[in-house]
Structures are given as structure tokens and as C-alpha cells.
Amino acid sequence: MTILLKCLSHTPLRGLYDPNPETAAEVNAVLDATKKEVEEFDPELIVLFAPDHYNGLFYDLMPPFVVATGANSVGDYLTPEGKLSVPEDLALDLVRFVHDKDIDVALSHRLDVDHGCTQILMETTGSLTRYPVIPIIINSVAPPFTPYRRIRKLGEAVGQFIATLNKRVLILGSGGLSHEPPVPLLSGAASEVAEFLICGRRPTPEARAAREARTVATAKIFGTSTCNLTPLNEEWDKAFMDLLASNELQKVDDFEVDVISKEAGRSTHEVRTWVAAFAALAAAGEYKARQDYYKPINEWIAGYGVMSAELV
Ligand SMILES: O=C(O)/C=C/c1cccc(O)c1O
Ligand SMILES: [Fe+2]
């Protein structure tokens with residue numbers, strides 16, 4: 001078994017509302033290098049920890065985490081539509097293994113996934129289907145959230161499963177770092193917004209276009225005094241990446257959801273995918289991590305970071 005880990009922020013605004021050309025070029029260069037590294041590694045399996053943004057999972061049934069044994073990209077923002085190559089039997093083996101470790105994951109044989117899952121696949125592999133992929137969706141956007149220690153334990157159990165495979169495995173974590181895009185909250189929502197959050201699957205093209213236009217409009221004022229969303233928090237992001245690099249992952253057990261929301265933004269909890277990814281790697285042994293890139297990018301509503309890690 002050989003493991004390569006990559007954790008990347010995602011932002012559906014990339015290509016729709018870009019920062020200055022130097023920053024965009026820096027990110028392109030980092031992503032090109034990441035894709036090249038993945039190609040050289042030539043994974044036999046990708047395990048992808050990702051969030052959903054009310055495209056596959058809604059409050060009519062909101063699991064803390066779900067393993068997809070089959071997945072379909074909804075094609076939101078600039079991502080392509082279509083099926084992912086999910087190895088169903090292996091994904092079911094993973095579910096059985098993780099249950100046996102006392103982690104009660106949900107499973108879906110036909111999960112709709114969005115840019116949280118597909119942008120990173122496109123950026124690191126150029127395709128939704130090039131490599132077999134098991135998506136594991138971690139609720140990071142729809143509170144209440146299960147504690148960070150449970151995410152670490154989920155990652156640990158998944159890593160123990162990976163260690164039983166005689167394969168080259170790419171572990172991906174998608175999302176974060178600090179950010180608060182204009183995603184509505186159920187608490188206090190107007191009735192039509194609440195209806196969407198509870199059961200808004202497969203919106204009309206017009207509704208999807210309106211949602212995407214709202215995100216772009218917010219990006220244009222994000223970080224200015226006219227925007228009331230929590231600003232990016234470079235200090236929080238750097239401390240979090242340092243923690244991941246320190247091989248002391250159990251420190252995330254002290255993370256408090258409300259404190260993070262307040263300090264770094266409500267969608268910062270997408271870093272749960274990074275926690276799970278690093279915990280999966282750590283289950284196989286001591287690792288060495290590298291910070292490939294970081295910049296707070298208001299145009300993308302993203303504390304934008306990329307990290308890599310491998311076993312030592
Ligand atoms: O769910 C949406 O419509 C937008 C999500 C979003 C916006 C900006 C940055 C991100 O990381 C997002 O996921
Ligand atoms: Fe996101």
C-alpha cells in the first residue's frame with residue numbers, strides 16, 4: 001500500500017470571477033504541479049472526502065457522513081455533469097469495515113455530488129472518471145455538525161481500511177479554509193428558502209443560474225465594508241495548516257464549532273474533510289506534510305490553500 005494525500009480548497013468562482021492575473025497564475029501553477037504529481041503517482045484508487053452544498057444532501061435526511069457506492073455529478077457552476085467511476089463492491093467493503101470499527105456511516109447507491117466533490121477531481125485528474133473513486137461526503141455546511149473528534153475517528157477507520165489494500169491510494173480532502181459564502185441557514189429562513197434546504201433536489205436551470213449569480217454578486221463585494229459575511233482569516237488558516245503538519249491531529253478534538261464559525265466563517269467547517277484525510281493517512285503511520293500554497297483570496301471567497309503529505 002502506498003498513499004499520497006492532497007488537500008485543496010475549492011471555489012466555484014474559479015473561472016467565473018478571478019483575482020488579479022498574478023494570483024490566478026500562481027494557483028494555476030500549483031494545480032498543474034499537483035495534477036502532474038497525481039499522474040506520476042498513478043493511483044489505483046482515490047478516496048475523496050468532500051462536502052455537499054445542498055445539491056445531494058438536504059434536511060429531509062441529513063447524515064453526518066455518507067459513503068457513495070454510486071455517484072452522479074450535478075454539474076453546478078463550471079463543473080461537468082455525469083457519473084463518477086465508483087467501485088461499488090470496494091465501497092461496500094469500506095462501509096462494512098468502518099461499521100465494524102464502530103463508525104455508523106450512511107451509504108448511498110446513487111448520490112448527487114456537486115463542486116465540493118468534482119472540482120478537486122477535475123483539478124487533480126482532469127476527469128470525473130479517469131480513476132476509480134470512493135466519495136465520502138462529510139456534512140460541513142448544514143448545522144448541527146458532529147464533533148471534530150468524530151471526523152478524526154471516521155478518517156482513522158477509513159485509513160485502517162486503506163491499509164488493508166495492496167494498492168496505490170490517493171486520499172483527497174476538498175474545501176475550506178476560512179470562508180463564508182452566501183449559503184443560507186435553516187434557522188430563521190423564510191419558508192421558500194427553508195423548503196429548498198429541506199428538499200431542494202434538482203433545481204430548475206433558472207433557479208441554479210440565480211443561485212450562481214448570487215454567489216458571483218457576493219464575490220464582487222466580499223471583504224469590503226458593504227459585505228456582512230465573516231471575512232477570511234489568514235491567521236486561523238495558517239494555524240490550522242501548521243496543526244495538520246505537526247502529526248498531532250488529536251488536537252482537533254478540542255475544536256469548537258461555534259468558535260470556528262465566528263472566527264473564520266460558517267463554511268470553514270469544510271476543513272473537516274482535511275481532518276478526515278490526514279487522519280486516514282495517520283492511521284497508516286507517521287507522515288510528512290508540505291504546504292504547497294496559501295493566499296486569502298476575496299474574489300474566490302476562499303482562504304485558498306493546498307497541502308500534500310506522504311508517509312515517512
Ligand atoms: O454552494 C454554493 O452555491 C457556493 C459555494 C461556495 C462559494 C464560494 C466558495 C466556496 O468554497 C463554495 O463552496
Ligand atoms: Fe464549499
Problem set entry | Answer from Pro182, Pro203, Pro143, Pro147 - the residue that is over 23 Å from Leu311 (Cβ atoms), in contact with a helix residue (DSSP H, G or I) (Cβ under 8 Å, 6 or more places away or on another chain) and away from ligand 1 (no atom under 16 Å from the Cβ) | Pro147
Seminar exercise, completed: Of (1) away from ligand 1 (no atom under 15 Å from the Cβ); (2) open to solvent by less than 10 Å² (accessible area, probe 1.4 Å), Asn55 satisfies every one except (1)
Exercise. Quick one: which of Pro63, Pro80 is touching a residue at least 24 places away in the same chain (Cβ under 8 Å), under 19 Å from the mean Cα position of the chain (by Cα), surrounded by fewer than 16 Cβ atoms within 10 Å (Cβ to Cβ) and away from ligand 2 (no atom under 16 Å from the Cβ)?
Worked result: Pro80
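Residue-by-condition table, conditions (1) open to solvent by 50 Å² or more (accessible area, probe 1.4 Å); (2) of a type outside the set (Asp, Glu):
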{"residue": "Leu92", "(1), (2)": "no, yes"}
{"residue": "Thr118", "(1), (2)": "no, yes"}
{"residue": "Ile136", "(1), (2)": "no, yes"}
{"residue": "Glu156", "(1), (2)": "yes, no"}
{"residue": "Gln160", "(1), (2)": "yes, yes"}
{"residue": "Leu170", "(1), (2)": "no, yes"}
Problem set entry | Unmet criterion (only one of (1) modelled with pLDDT under 95; (2) within 16 Å of ligand 2 (Cβ to nearest atom)) for Val216 | (1)
For this session: Tell me, please, whether a residue that is under 19 Å from Gly159 (Cβ atoms), within 16 Å of ligand 1 (Cβ to nearest atom) and hydrophobic (A, V, I, L, M, F, W, C) can be found in segment 131-139.
Result: yes
Seminar exercise, completed: Among Ser187, Ser174, Ser191, the single one that is surrounded by 18 or more Cβ atoms within 10 Å (Cβ to Cβ) and closer than 20 Å to Asn55 by Cα is Ser174
Exercise. Scanning for something of a type in the set (Val, Ile, Thr), open to solvent by 40 Å² or more (accessible area, probe 1.4 Å) and not in a helix (DSSP H, G or I), does segment 290-309 turn up at least one residue?
Worked result: no
Exercise. Quick check: is even one residue across segment 176-194 within 16 Å of ligand 2 (Cβ to nearest atom), at positive phi and modelled with pLDDT under 95?
Worked result: yes
Exercise. Residues of segment 28-52 being more than 16 Å from ligand 2 (Cβ to nearest atom), crowded, with 23+ Cβ neighbours inside 10 Å and outside any loop (DSSP other than H, G, I, E, B), which ones?
Worked result: Ile46, Val47
Exercise. When you look at Pro231, is it open to solvent by less than 60 Å² (accessible area, probe 1.4 Å), in contact with a Pro (Cβ under 9 Å, 6 or more places away or on another chain) and within 16 Å of ligand 1 (Cβ to nearest atom), yes or no?
Worked result: no
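The values are calculated or read from the model by the stated rules, or taken from the named source; none is laboratory data. Remember, it's a predicted structure, so these values are computed and weren't measured experimentally. Reconstructed Cβ throughout: ideal geometry from the backbone, glycine too, with neighbour counts over all protein chains shown. These area figures cover heavy atoms from the full protein model, side chains too; ligands, DNA and RNA do not enter into them. Shrake-Rupley method; radii C 1.70, N 1.55, O 1.52, S 1.80 Å.
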